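Quick note: the coordinates plus some simple rules give every number you see, no bench work behind them. Being a predicted model, the structure only gives us computed values, none of them experimental. Note that we place each Cβ from the backbone using ideal geometry, even for glycine, and neighbour counts take in every protein chain shown.
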Amino acid sequence: MMTIKTAMILAAGLGTRMRPITDTLPKPLVQVAGKPLIAYGLKALERAGVTHLVVNVHYLAPLLVGWLSEQSGASIEISDETEQLLDSGGGIVKALPSLGSDPFLVLNADTFWLEEPGSDIDNLSLMKDRFDPESMDILLMTARLDQATGHTGAGDFILSEDGRLTRYKGTGDPVIYAGAIVLHPRIFKDITDRKFSLNRCFDAAERQGRLFGQPMRGHWLTVGTPEAIGEAEAARAAYLGEPVQ
């Protein structure tokens, strides 16, 4: 298993589809089953042994910074994007001085997953175990459509037998990119733009045969609208065999 102790949570988005809740609250602090969305990511990183964390902030940044300052566990560093949103890729590049030159984890702040009950290893540790810097630049956690709640759309990639990912183009059995990544920062070396999407890096790694997927265990949830909160809470309760809070 690779020793990965560093991670970034992408938490700078505007959350416009979550209005009116996000009129006064940044999306990572929107609660599902009594916990802010970002808290699920923090817990997953804690399980995986991450000790240093960078979180980027933009919209209603003081609220998120204040909440993060009250959390125990990993040391949390803030990457401030209040002046300009840099998109997913640009946000990571801005934070690279704090993330270092070795592979690290990246999580979306607004998606989360439930670990498989009784599993002997958590999903992020599975990814750390799988990541091979010799053959991979990016390893994405993937979910099947039947493992997901709240996902709209057909799917993102096709997962080949050797674990490589290619973009889904309408044929085959697609998987979803499930909001967790192990990546090697060398993927950014030829990019000079300040603001860009991680999709650009996914495409570059795919062209070079260095984009891989790790099928997740458990159930994945994404919460895009206020109506999706209740759906996520019901799915969580059903999966865990608990009453809805």
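Summary of values
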read-out: Lysine pairs with alpha-carbon atoms under 25 Å apart, the chain, spacing 8 or more or separate chains; value: 16
read-out: In nm, spacing of pseudo-spin labels at SER101 and THR171 (7 Å Cα→C-beta vector); value: 4.4
read-out: Overall form of the chain per C-alpha gyration tensor (a/c, 1.5; a/b vs b/c); value: rounded
read-out: Net charge contributed by nearby residues that have their C-beta within less than 14 Å of THR166 (K/R +1, D/E -1); value: -1
read-out: Loop-exposed GluC sites (Glu not before Pro) per DSSP, neighbour cap 16 Cβ within 10 angstrom, longest uninterrupted part of the chain; value: 162-245
read-out: Environment charge at VAL57 (Cβ cut-off 14 Å; Lys +1, Arg +1, Asp -1, Glu -1); value: -3
read-out: Axial C-alpha extent at least 15 Å, average Kyte-Doolittle at least -1.0 - helices from the chain (DSSP); value: 37-47, 87-99, 226-240
read-out: Whole-Å distance, taken between Cα centres, linking region 176-206 and region 3-67; value: 20
read-out: Rounded to 5, the percent of DSSP beta bridges in region 6-240 classed as antiparallel; value: 50
read-out: Stretch gain in nm, segment ARG47-THR152, where the contour uses 0.36 nm per residue and the Cα spacing is subtracted; value: 34.9 nm
read-out: Net charge of Cβ neighbours under 10 Å - reference LEU211; Lys, Arg +1; Asp, Glu -1; value: +1
